[in-house]
Amino acid sequence: MSLSRQEINLRRLLAKCELLIKTHKNDERFPKYITSLEDMLLEVKKLIEPSNNAIILYQKRINALKNELGMAITEIDAGDFQSMREDLLNLRQRNVSKTKTYNDLEDIIKYNENIQQKITNDMLSLTKSLKEQSELANKIIKKDNDVLTKSSVLTDQNKSKLENESTKLAEHSRKAWKCWMWVMLLLVMVVFINMVLFMKVMKKKY
């Protein structure tokens, strides 16, 4: 089982004091260190069984330090263990209730986070879909514009060809009309000459 942060800090300070007392026994900071150790031990007792061998060992090490410094030693008997155990049980029951409330709160937070994640995913999906539709619409519009441009060019080309053909047809029509006019004039002249000759011939007979 892993050690709690409080127990790790208690061990570190104990080791530091045990090392320091060998060389600097008269250090003025020792009373503060001892007070801190006892406070830390109380915190650790709330986390593990009071009858745990580790608690007894920590208390013995603290008492050894206090003995070296000439301070009053704290004795722990079975009654104290029983009292601390009952306090710890009550504390754990409260912690269980708090843990349940905390778990319910965590479930609510996770549910809200899941909802937010789902909404975010839906928004991203919608944005992606809109982007794809926009790109597709732009491609279609661009294609239609290209078709319209080509149609406009073809229309201009056809218009130009039609104007050229109309000009050629008009020119051809003028030439044909002139040709037919000369033919008609020639025909009229032939008829006129024939009439004159006919009249002369008929006049000589009579």
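The values are calculated or read from the model by the stated rules, or taken from the named source; none is laboratory data. Because the structure is predicted, anything quoted here is derived from the model rather than measured. Here the Cβ is made from the backbone with ideal geometry for all residues, glycine too, and neighbour counts use every protein chain on show.
Scanning the range 47-66 for residues that are of a type in the set (D, E, K, R) and either at pLDDT below 80 or surrounded by 16 or more Cβ atoms within 10 Å (Cβ to Cβ) (or both) gives GLU49, ARG61, LYS66.
Quick one: in the range 1-44, which of the residues that are part of a loop (DSSP other than H, G, I, E, B) and within 47 Å of the chain's Cα centre (by Cα) is modelled with the highest pLDDT? Of everything passing the filter in the range 1-44, SER4 is modelled with the highest pLDDT. Tell me yes or no: at least one residue of the range 67-81 is at pLDDT 85 or above and within 51 Å of the chain's Cα centre (by Cα). Within the range 67-81 (the criterion being at pLDDT 85 or above and within 51 Å of the chain's Cα centre (by Cα)), the answer is no, since none of the residues qualifies. Entry remark, the range 1-55: residues being within 23 Å of LEU69 (Cβ to Cβ) and either touching a Pro at 6+ places or on another chain (Cβ under 9 Å) or basic (Lys, Arg) (or both) number 8 in total.
Among the residues here, LEU3 does not qualify as of a type in the set (A, V, I, L, M) and in contact with a Leu (Cβ under 7 Å, 6 or more places away or on another chain).
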